[in-house]
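Novice: Handing you this structure, nothing more for now.
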């Protein structure tokens, strides 16, 4: 808004400069200098905006490139769990992609609370992967006009009417099946270490462009018992511990490491 006001005042000032007769030369020169100052401020604000949002340029481009084309959006959280320089990955059982990946999954949203907002933004469930009771409210969605992607992300980052705690997937993938003891892991400590936006690209498995967004959390076990239990996960046939290079290479001993696993690595 500040930039818009400065631009309008600058344009009005330039117009006044050309309208006034030379009889008011002193006033004209003053108005011109002030108007140029307003326009320079607009340029500076624009440059600052571009620098501060350089990681979002792929999103900003959607306002100008294919703004009315649909886009598939997935929003997830992933756990970085490190023991002695290796990272824990869990076996994925869904048939669309078999391999190992970080512990975590899609955020969930509250359907009724977001109905009006999502209707306004043209957001609907994306069913390229069949949904069931467990995945019904996952943030795997389709935005009918990608120019609304920025508004969707603003809603997401407001943390309103959505899941905000990554505990659910940690529990469902590690505690509930007994890989970790429910007695030792009644709660966990973790820290937010960053987010990863891939930009908008053609989806590898679906006939649609896709935008992927992930928040990364690092597990911080706070007792020796928890630390030992995490280390002992290597004995589970569902878990592997791999090095950063093995994650980047995408395989270890004939086992597939799924491509998105690199997101948990430190940048």
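Novice: Just one of the numbered conditions (1) touching a strand residue (DSSP E or B) at 6+ places or on another chain (Cβ under 7 Å); (2) buried (at least 17 other Cβ atoms within 10 Å of the Cβ); (3) farther than 18 Å from residue 217 by Cα; (4) modelled with pLDDT of 90 or more is not true of residue 188; which one?
Specialist: Of everything listed in (1) touching a strand residue (DSSP E or B) at 6+ places or on another chain (Cβ under 7 Å); (2) buried (at least 17 other Cβ atoms within 10 Å of the Cβ); (3) farther than 18 Å from residue 217 by Cα; (4) modelled with pLDDT of 90 or more, residue 188 misses just condition (3).
Novice: Continuing with the same structure: Given the condition under 25 Å from residue 140 (Cβ atoms) and either at pLDDT 95 or above or surrounded by 12 or more Cβ atoms within 10 Å (Cβ to Cβ) (or both), answer yes or no: does some residue in the stretch 226-236 qualify? Break it down into steps so the answer makes sense when it comes.
Specialist: Of the stretch 226-236, the ones under 25 Å from residue 140 (Cβ atoms) are none.
Within the stretch 226-236, not a single residue is under 25 Å from residue 140 (Cβ atoms) and either at pLDDT 95 or above or surrounded by 12 or more Cβ atoms within 10 Å (Cβ to Cβ) (or both).
Novice: Taking the stretch 97-114, which residues are more than 30 Å from residue 177 (Cα to Cα) and buried (at least 17 other Cβ atoms within 10 Å of the Cβ)? Reasoning before the result, please.
Specialist: At the first step, the residues of the stretch 97-114 found to be more than 30 Å from residue 177 (Cα to Cα) are 112-114.
Listed by number, the list holds a single entry, 114.
Novice: Okay, moving on. Name the residues in the stretch 44-68 that are at pLDDT 80 or above, farther than 27 Å from residue 159 by Cβ and either in contact with a helix residue (DSSP H, G or I) (Cβ under 6 Å, 6 or more places away or on another chain) or surrounded by fewer than 13 Cβ atoms within 10 Å (Cβ to Cβ) (or both), would you? Write out each step before concluding.
Specialist: The initial filter retains those residues of the stretch 44-68 that are at pLDDT 80 or above, namely 66-68.
Now restrict to residues that are farther than 27 Å from residue 159 by Cβ: 66, 68.
Passing the criteria: only 68.
Novice: I want to confirm something. Restricting to the stretch 115-131 and keeping residues that are in contact (Cβ under 8 Å) with a residue 24 or more places away in the chain and touching a helix residue (DSSP H, G or I) at 6+ places or on another chain (Cβ under 8 Å), which single residue is surrounded by the most Cβ atoms within 10 Å (Cβ to Cβ)? Walk me through how you get there before you give the answer.
Specialist: Within the stretch 115-131, the first condition is being in contact (Cβ under 8 Å) with a residue 24 or more places away in the chain, and the residues that meet it are 117, 121-123, 126, 128-129.
In the following step, the residues that additionally are touching a helix residue (DSSP H, G or I) at 6+ places or on another chain (Cβ under 8 Å) were identified as 117, 121-123.
Values: 117: 15, 121: 19, 122: 16, 123: 23.
Here the answer is 123.
The values are calculated or read from the model by the stated rules, or taken from the named source; none is laboratory data. Treat the numbers as computed from the prediction; the structure is a model and nothing was measured. Here Cβ is always computed from backbone atoms with ideal geometry, including for glycine, and neighbour counts include all displayed protein chains.
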